[in-house]
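Some notes on the structure that comes next.
Only the coordinates and a few stated rules stand behind these numbers; no lab work does. Just so it is clear, the model here is predicted, and its values are computed rather than measured.
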Amino acid sequence: MQMSFAVLIGILVRLLNGQTTAKQLSQQFEISQRSVYRYIETLCQSGVPIVSVFGKYGGFLIEKNFQAANLFFSLPEIDELILSTKNETLKQKLILLKKGNKKEPKP
């Protein structure tokens, strides 16, 4: 299975907006629930602190105070990606990532 960067970022943005379930993510991104778990695992391996909540009202969420923009790119890199992409969906998701963190990463 080849992962889509747009789906990966989309899942990250969705998690940044609050708790969600694998079923909801699979429906939104039109992928299998198994694929959702693969994307979640990839995000965890990348350093995203995703928490699994079990039970009737369970799902996935990201720990509070997490700064997503510094995880993947510096602000100038995000700006460059925004300017260079022709995919409007990806562009909007990158803008949301940028808004999540206004600080430059520490070297």
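General remarks:
- Theoretical gain in end-to-end length, GLN27 to LYS64 [0.36 nm per residue, Cα-Cα removed]: 10.8 nm
- Kirkwood Rh (inverse of mean 1/r, distinct Cα pairs), the chain, angstrom: 14.4
- Extension gain from SER84 to SER46, taking 0.36 nm per residue of separation minus the Cα-Cα distance: 11.3 nm
- Extension gain for SER4-ILE95 works out to 31.0 nm (0.36 nm per residue, less the C-alpha to C-alpha distance).
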